[in-house]
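The values are calculated or read from the model by the stated rules, or taken from the named source; none is laboratory data. Computed from a predicted model, the values in this text were never measured in an experiment. Cβ placement follows ideal geometry from the backbone for every residue including glycine, while neighbour counts extend to all protein chains displayed.
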Amino acid sequence: MADQLINWFPGHMAKTKREMEQSIKLVDVVVELLDARAPKSSKNPYLDELWSRRPRVIALNKSDLADAELSGHWTNYYKAQGFEVVLLDSLHGNGLKLISQAADRLMKTKNEARKAKGMKIQPTKLMISGIPNVGKSTLINQMAKRSDAAKTGNKPGVTKSNQWIKLQNGMLLLDTPGILWPKFEDQEAALRLAFIGSISDEINDTYTLAVKLLDQLLGTYPKLLMARYKLSEEDLNLTGEALIEVIGRKRGHLKSGGEVDLERCARMLLDEFRNGKIGRITLEDVVSESEN
């Protein structure tokens, strides 16, 4: 994977974009779900122009897995661009009311105008959008108070078609399949999406991906690595390629003959990062990304 460009755009995603172009006409507010661990890389530039036709809420999901301080920075960053911004942990149902409150604020002027004309205020129609594996279906099930309102899965591409769902507060919610963009100009962004699992592991070299993740975390969260894997100060001076060997031995991921099972260790590292077991980590910060 080191010399290979990451591009992943299944055929159903091209169809999804066409469907979204029709669906945007039916909704009042777009809720764009981002992964709080990669708040810029998980924002689909391919749909920005489309979404600009409606008021938008930026929802930073999986905030319980992200660096709290950097989440605050990203919240301010997107608020400065004129968006309503909320922090979510959809898996545990935290922050759900913030979405409807933000939508109400965005619809206030329009609803007051309708009321002044004696017109009935219609239920707000929301569209949930985001890249694959960002937690859309989990969020919708939590908002609908149903476990089967939207299909969920810990892999990209589970939602395959648009679904309208009525919420208990009267709002209507449109679920849409996750969609990536056809070509990643920024391969660092593509790597971050691969780290968080938004690009299928099936197209990536798991070992190389884990090594690159270690290289990044050695520079940004060395103390978390040290605590999780019982590393020494000297271990933190290693490259990711050398460190995965050390971690594999400490975890007992060995083949017969004592050789480290690198694939097993790589899968473990990616799983533990994605599940928050290494700690609360954000892969990009506002300052460096704003300068790019």
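For Ile179, are the conditions met, namely being modelled with pLDDT of 75 or more and in a loop (DSSP other than H, G, I, E, B)?
Values: modelled with pLDDT of 75 or more: no; in a loop (DSSP other than H, G, I, E, B): yes.
So Ile179 fails the test.
Inspect all residues belonging to the range 121-136 and state whether any of them is in contact (Cβ under 8 Å) with a residue 60 or more places away in the chain, part of a helix (DSSP H, G or I), under 18 Å from Leu26 (Cβ atoms) and in contact with a strand residue (DSSP E or B) (Cβ under 7 Å, 6 or more places away or on another chain).
Narrowing the range 121-136 to residues in contact (Cβ under 8 Å) with a residue 60 or more places away in the chain: 124-136.
Narrowing the set further to residues that are part of a helix (DSSP H, G or I) leaves 136.
Checking which are under 18 Å from Leu26 (Cβ atoms) leaves us with 136.
Still in the running and in contact with a strand residue (DSSP E or B) (Cβ under 7 Å, 6 or more places away or on another chain): 136.
Yes; the residues of the range 121-136 include at least one that is in contact (Cβ under 8 Å) with a residue 60 or more places away in the chain, part of a helix (DSSP H, G or I), under 18 Å from Leu26 (Cβ atoms) and in contact with a strand residue (DSSP E or B) (Cβ under 7 Å, 6 or more places away or on another chain).
Which members of the range 68-94 meet the condition of being charged (D, E, K, R) and within 14 Å of the chain's Cα centre (by Cα)?
Here is the first cut: in the range 68-94, the residues charged (D, E, K, R) are 69, 79, 84, 89.
If the condition is that a residue be charged (D, E, K, R) and within 14 Å of the chain's Cα centre (by Cα), then Asp89 is the only one that fits.
Please work out which residue is farthest from Gly72 (Cα to Cα), limiting yourself to the range 256-283 and to residues that are modelled with pLDDT of 95 or more and small (Gly, Ala, Ser).
Here the answer is Ala266.
For Glu289, state whether it is modelled with pLDDT under 95, in a helix (DSSP H, G or I) and among the acidic types (Asp, Glu).
yes
Considering only the range 198-267, give the helices (runs of 4 or more DSSP H) lying wholly within it that have at least 1 residues that are polar (S, T, N, Q), assigned by TED's automatic domain parsing to the domain that holds Leu283 and within 18 Å of Gly279 (Cβ to Cβ).
Details: elements: 206-220, 222-229, 240-251.
Ranges flagged: 206-220.
Kindly provide the set of residues from the range 72-129 that are farther than 15 Å from Leu167 by Cα and hydroxyl-bearing (Ser, Thr, Tyr), ordered by number. Working first, answer last.
Filtering the range 72-129 down to residues farther than 15 Å from Leu167 by Cα leaves 72-92, 94-95, 102, 105-121, 129.
Result: Thr75, Tyr77, Tyr78, Ser90, Thr109, Ser129.
Quick check on this structure: which one of Val85, Val57 is farther than 12 Å from Gly130 by Cβ and either in contact (Cβ under 8 Å) with a residue 24 or more places away in the chain or of a type in the set (Val, Ile, Thr) (or both)? Don't jump to the end; show me each part of the working.
Values: Val57 fails: farther than 12 Å from Gly130 by Cβ.
One residue alone meets the criteria, Val85.
Can you tell me which residue within the range 40-62, out of those that are touching a Lys or Arg at 6+ places or on another chain (Cβ under 9 Å) and either of a type in the set (Ser, Thr, Tyr) or not assigned by TED's automatic domain parsing to the domain that holds Gln101 (or both), is modelled with the lowest pLDDT?
Here the answer is Tyr46.
Take the range 99-120 and flag every residue that is under 24 Å from the mean Cα position of the chain (by Cα) and touching a residue at least 24 places away in the same chain (Cβ under 8 Å).
Ile99, Ser100, Ala102, Ala103, Leu106
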